1. Name, by its number, the condition in (1) part of a helix (DSSP H, G or I); (2) at pLDDT 80 or above that does not hold for Gly116.
2. Restrict the check to segment 144-153 and report whether at least one residue is under 19 Å from Pro9 (Cα atoms), within 18 Å of the chain's Cα centre (by Cα) and among the β-branched types (Val, Ile, Thr).
3. If I filter segment 50-62 down to residues being touching a Pro at 6+ places or on another chain (Cβ under 9 Å) and surrounded by fewer than 21 Cβ atoms within 10 Å (Cβ to Cβ), which single residue comes out as modelled with the lowest pLDDT?
4. If we keep just the residues of segment 177-214 that are in a helix (DSSP H, G or I) and of a type in the set (S, T, N, Q), which is nearest to Leu259 (Cα to Cα)?
5. Tell me the residue from Thr189, Thr247, Thr215 that is out of contact with any strand residue (DSSP E or B) (no Cβ under 7 Å at 6 or more places or on another chain), polar (S, T, N, Q) and surrounded by fewer than 19 Cβ atoms within 10 Å (Cβ to Cβ), please.
6. If you go through segment 28-49 one residue at a time, do you hit one that is touching a residue at least 12 places away in the same chain (Cβ under 8 Å), surrounded by fewer than 20 Cβ atoms within 10 Å (Cβ to Cβ) and among the acidic types (Asp, Glu)?
7. Could you check Ser263 against (1) within 18 Å of Ile33 (Cα to Cα); (2) surrounded by fewer than 19 Cβ atoms within 10 Å (Cβ to Cβ) and say which number it fails?
8. Could you tell me how many of the residues in segment 218-247 are among the β-branched types (Val, Ile, Thr) and at pLDDT below 90?
Amino acid sequence: MDLSLFLPPLAACLIIVAIHSYLGLHVLAREVIFVDLSLAQMAALGSAVAVLAGTPGDSPLGFLYSLGFTTIAAALFALTRSSGKGRVPHEAIIGIVFVVASAAAILVADRTPRGGEAIKDILVGNLLWVTWPAILRLAAVYLVIGAFHWVLRRRFLTISFEPDKAQAEGWNLRLWDFWFYLSFGVVITFSVPIVGVLLVFSFLVVPAAIAFQFTDRLGILAVLAWIAGVVASASGLWVSFRFDLPTGPVVVCMFGLLLLVVSLVRRTAGARGPARL
C-alpha cells in the first residue's frame, strides 16, 4: 500500500470525524435525522449553480454560492421549528427541502458540462484526490467552528438535549437554532466536496447512533462517537485500497457494518437501554 496515497484521505476522514461525530449527537437528540442530508444537498445545489454561472465549484466564489444556499436552509429550519407537535412535523419540512434541493441539483447539473459526473461527485465526493493544503484548510475551519461550539456549548447542548428547560428560561430558540444550523452548514459546505453527501450522512449519524447504545452521558457520548467514526473510516479506507474498490461507497458500507455489529453485540449481551459508563 502506498502511504503517500493513503495518508491524505485518512487525515481528511479523521478531521471530519472529529466534528461530525459531535454534531451527530445534536442531530439525534433533536430528532432531525435528515437535516445533514438537506444541508448537504443545499450546499451541493449551490455548487452546481456556481458551475452553471461559470464559476468553478471549488473556487472561493463557488464556496460562497454553496454557503449562501446553506444559509437559506439554516434560516428555514430555524423558522419552522415548533415547540410541540405541529401540524407538519419538522422532519417533514427537512425532508421536503432535501427532495426539492436534490431535484433542483439534477436539473442544474443537466445544463452543465459533466452533468452526470457532477451528480456522482455530489454523492460520493473526491476523497481519494484530497490534497494536504485542502486538509489544512479544513482543519483550520473546523477548529474555528469547534471553538464556536465550545464557547456556546451550554446554549446548544441545552436546546438539543433539554429543549423544555431552554424554553422555560425564555431563550429565543429560533435565533439559537439559526446559529446552530448555520455553523452546521459551514461544516457541511466544506465536507461535501471532499466526501460527498452519502458519507457526510454516515459521519454524522452512524457514530452517534453507536454511542447512544452505550450511554447517555454527554462526554462519553462524544468520545464513543469519535472512536466509532475513526474505526469505520480507517477500516473502510484500508478495504478500499487493499481491494481497489471505490473509496466513498466502501467507507459508507463500513459505517453500516459497524453499526450492525455493535447492535448485534448489544442485543446478544441482552442489554436494554443506554448503559451508564
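1. In the conditions (1) part of a helix (DSSP H, G or I); (2) at pLDDT 80 or above, Gly116 misses (2) alone.
2. No, every residue in segment 144-153 fails to be under 19 Å from Pro9 (Cα atoms), within 18 Å of the chain's Cα centre (by Cα) and among the β-branched types (Val, Ile, Thr).
3. Narrowing segment 50-62 to residues touching a Pro at 6+ places or on another chain (Cβ under 9 Å): 50-51, 57-58, 62.
Filter once more, so that each one left must be surrounded by fewer than 21 Cβ atoms within 10 Å (Cβ to Cβ): 58, 62.
Numbers: Asp58: 70, Gly62: 83.
For segment 50-62, the residue satisfying everything is Asp58.
4. So the first thing to find is which residues in segment 177-214 are in a helix (DSSP H, G or I), and the list is 177-211.
The next check asks that each one be of a type in the set (S, T, N, Q); those that pass are 183, 189, 191, 202.
Values: Ser183: 27, Thr189: 26, Ser191: 22, Ser202: 10 Å.
Looking at residues that are in a helix (DSSP H, G or I) and of a type in the set (S, T, N, Q), I get Ser202.
5. Sole residue among the options that is out of contact with any strand residue (DSSP E or B) (no Cβ under 7 Å at 6 or more places or on another chain), polar (S, T, N, Q) and surrounded by fewer than 19 Cβ atoms within 10 Å (Cβ to Cβ): Thr215.
6. Yes, the conditions are met somewhere in segment 28-49.
7. The one condition Ser263 does not meet is (1).
8. Adding up the residues that qualify gives 1.
The values are calculated or read from the model by the stated rules, or taken from the named source; none is laboratory data. Just so you know, these numbers come straight off a predicted model, no measurement behind them. Ideal geometry is used to build each Cβ from the backbone, glycine not excepted, and the neighbour counts take in all protein chains shown.
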